[in-house]
1. Condition first: in a loop (DSSP other than H, G, I, E, B) and surrounded by 17 or more Cβ atoms within 10 Å (Cβ to Cβ). Now tell me which residues in segment 1-35 satisfy that.
2. If you scan segment 31-58, which residues turn out to be under 23 Å from Lys94 (Cβ atoms), of a type outside the set (A, V, I, L, M) and in contact with a Phe, Trp or Tyr (Cβ under 8 Å, 6 or more places away or on another chain)?
3. So which residues in segment 97-126 are among the aliphatic types (A, V, I, L, M) and under 13 Å from the mean Cα position of the chain (by Cα)?
4. Among strands (runs of 3 or more DSSP E) lying entirely in segment 50-126, which contain 3 or more residues that are closer than 20 Å to Gly13 by Cβ?
5. Of the residues Ile84, Ile76, which single one is touching a residue at least 24 places away in the same chain (Cβ under 8 Å) and either within 18 Å of Val16 (Cβ to Cβ) or assigned by TED's automatic domain parsing to the domain that holds Asn23 (or both)?
6. Considering only segment 36-49, state which residues are assigned to a loop (DSSP other than H, G, I, E, B) and among the β-branched types (Val, Ile, Thr).
Amino acid sequence: MENAKPVKNQMNGVFVHVSNLKNSVKWYMDLLGLQVDLDKVTSPVFNVPLVGTTSLTLDDHTFDPDFKHHVSPSPIFNLYAADIDDAHNHVKEKGIEIVREIERVGDTAWFNIKDPDGNVVMICNC
């Protein structure tokens with residue numbers, strides 16, 4: 001019998017703290033090219049539909065009036081883009097703020113953007 005580990009080396013989800021849930025849902029869904037009915041978005045959380053096993057949950061802390069949002073100057077997670085140049089052009093066309101231009105190390109390339117709350121998100125080809 002395999003030893004049970006109390007904490008697994010598996011990431012289930014990422015929570016992104018936002019100030020306006022509907023605005024953030026619209027922004028993330030638009031970035032990912034997904035459709036959403038904003039009338040069906042209700043506080044406090046929205047799970048962005050992703051491919052794979054990791055979830056992305058937007059949380060506006062409606063039930064936590066003492067919550068204070070603090071933005072990290074570093075990326076809090078990354079989204080995959082097979083073609084980094086195409087992704088960069090896509091983001092620029094949408095008028096999304098790019099806070100770090102494309103960097104390349106070997107076959108790996110990435111750049112960073114800001115969401116409506118100032119959360120930094122990396123777009124990466126790996």
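The values are calculated or read from the model by the stated rules, or taken from the named source; none is laboratory data. Only a predicted model underlies this, so the values are computations on that prediction, with no experimental measurement involved. Neighbour counts are summed over all protein chains in view; Cβ atoms, including those assigned to glycine, are modelled from backbone coordinates with ideal geometry.
1. Selection gives Val18 alone.
2. Thr57
3. Residues satisfying the conditions are Ile113, Val120, Val121, Met122, Ile123.
4. The qualifying strands (runs of 3 or more DSSP E) are 55-59, 78-80, 120-124.
5. That would be Ile76, the only listed residue that is touching a residue at least 24 places away in the same chain (Cβ under 8 Å) and either within 18 Å of Val16 (Cβ to Cβ) or assigned by TED's automatic domain parsing to the domain that holds Asn23 (or both).
6. Those that are assigned to a loop (DSSP other than H, G, I, E, B) and among the β-branched types (Val, Ile, Thr): Val36, Val41, Thr42.
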